[in-house]
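Presented below is the structure to which this report refers.
The values are calculated or read from the model by the stated rules, or taken from the named source; none is laboratory data. Note that the structure is predicted; figures quoted are calculated from it, not measured. Glycine also receives a Cβ, built like all others from the backbone with ideal geometry; neighbour counts cover every protein chain displayed.
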Amino acid sequence: MSAPLLKIGLAGFGNVGAGVFKNIEKNRHLLQERTGQDIVVSKIAVRDASKARTVELPAELVTTNLDDLVTDDSIDMVVELIGGIDRAFELVKAALENGKAVVTGNKALLAERGQELFAIAEANGRPIYYEAAVAGGIPIIKTVQESLIGNHIQSVVGIINGTCNYILTRMTEAGLDYPEALQEAMNLGYAEADPTLDVNGWDAAHKAVILASLSYGCWVPCDQINVEGIERVRIEDIEFAQKLGYAIKLLAVIQLHEKSGAIEVRVQPSLIGEDHILASVKGVFNAILVQGDVVGETLFYGSGAGQDPTSSSVIADIADAGEKIEVKDGSGFVTHGLYGEPLPIEETVSKYYLRVEAEDRPGVLARIATVLGENEIGILSVIQPEDHDEETAPIVLMLHYAPFGVVRNAIETIGTMDCIREEPVLLRVEDLG
Ligand code: HSE
């Protein structure tokens with residue numbers, strides 16, 4: 001007897017959409033053996049059917065109308081890979097209301113409007129799966145949701161933007177400046193269509209919101225996260241960090257403060273010890289450390305972007321969602337239960353790296369130290385290299401643990417001093433144990 005068909009309506013045939021189509025075709029028999037269903041893409045919605053593509057678009061399946069995926073009763077599941085928020089929201093909502101399961105890789109959609117969509121999914125008894133939204137090919141969503149179900153998650157710390165990790169790696173290892181490294185990442189197809197979201201930290205922040213929601217059942221509003229990108233990291237920061245025994249990585253930090261129950265979520269370029277395992281994660285790879293109260297520390301590593309790794313996650317979701325087609329079950333990936341409030345950004349505490357470009361004259365360092373002292377911020381160490389311009393000198397200060405709000409105020413004051421020539425660069429220093 002032939003296996004029952006599972007019909008997929010695919011929205012988007014960009015890098016990932018094309019990979020999903022290609023790899024479902026490639027492993028169709030394997031998937032059938034393992035799932036008991038014959039998974040086929042039966043319709044593909046694209047904006048422009050005439051565009052040149054690396055994977056051939058089968059003309060007989062194409063529509064340029066997204067509604068065709070939703071109104072076609074034979075389609076069991078909509079796979080949303082169009083990106084963006086508003087059109088994607090309308091598509092996912094309509095698909096759920098028309099009784100279809102949904103798979104999406106759209107982190108911005110989930111971070112901004114996930115809470116609304118999960119309510120719609122529950123009301124309609126249809127699931128939403130979204131493994132590909134976080135860390136490309138690494139099965140981190142399913143891990144946190146299912147494999148670590150017996151744990152209170154204490155922290156999740158990760159490198160979850162491949163483009164930024166690629167750029168920082170090339171700056172560190174090949175001495176490229178930031179624009180050159182960004183161009184390389186774009187040429188290789190790692191960056192989003194608009195790389196701003198990668199380099200300004202928001203791609204990672206959207207993923208962090210999703211990981212926080214699964215770990216703590218707490219949808220942290222996007223305006224309550226401290227998000228900084230890598231645009232202002234210079235080669236000299238990487239070199240100073242190396243001299244001090246650190247590497248610079250764009251890190252997402254999600255952690256529970258057990259006493260208060262507050263959830264800390266932030267994304268920023270951070271100094272981490274050069275011997276720490278996350279410092280060895282290079283190029284477009286992602287890695288995520290999850291600390292659970294039962295399991296202890298676990299590490300997940302793999303390709304965080306790219307056509308094949310990301311489509312591997314989408315296909316796994318299709319297989320999972322396929323099991324729920326006959327059952328009226330709106331769960332999909334859901335949060336475990338609400339227990340936490342976001343920790344205000346100002347109250348997040350870490351050590352810091354501060355670089356200022358200052359006039360090279362007596363008294364400047366003392367003035368900077370005075371502002372820090374008045375704000376009760378301790379100085380751990382100071383570097384001022386002797387070989388610098390005649391007029392300005394970089395001064396690097398490593399600062400002791402302090403609340404971010406206090407440090408930010410002090411840096412604003414320092415930035416307005418007449419002896420300071422550029423906006424100071426402030427990076428977090430993470431104590432990862
Ligand atoms: N552009 C993302 C990254 C991949 O560089 O990690 C998709 O989230």
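Some values worked out for this structure:
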read-out	value
Residue in region 60-70 that is in contact with a helix residue (DSSP H, G or I) (Cβ under 7 Å, 6 or more places away or on another chain), in the same structural domain as residue 42 (by TED's automatic domain parsing), in a helix (DSSP H, G or I) and not aliphatic (A, V, I, L, M) present	no
Any hit, region 168-186, residues being part of a loop (DSSP other than H, G, I, E, B) and crowded, with 22+ Cβ neighbours inside 10 Å	no
Single condition residue 223 does not satisfy, out of (1) of a type in the set (Asp, Glu); (2) more than 29 Å from residue 396 (Cα to Cα); (3) within 11 Å of the ligand (Cβ to nearest atom)	(3)
Answer from 314, 295 - the residue that is aliphatic (A, V, I, L, M) and surrounded by 22 or more Cβ atoms within 10 Å (Cβ to Cβ)	314
Qualifying helices (runs of 4 or more DSSP H) (wholly inside region 191-288; at least 1 residues being of a type in the set (Ser, Thr, Tyr) and farther than 23 Å from residue 141 by Cα)	196-199
Selected residue (only one of 154, 115 is part of a strand (DSSP E or B), in contact (Cβ under 8 Å) with a residue 24 or more places away in the chain and surrounded by fewer than 19 Cβ atoms within 10 Å (Cβ to Cβ))	154
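Matching residues to (1) of a type in the set (Ser, Thr, Tyr); (2) closer than 18 Å to residue 270 by Cα; (3) within 12 Å of the ligand (Cβ to nearest atom):
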site	(1), (2), (3)
170	no, yes, no
176	no, no, no
180	no, no, no
186	no, no, yes
189	no, no, yes
196	yes, no, yes
202	no, yes, yes
205	no, yes, yes
211	no, no, no
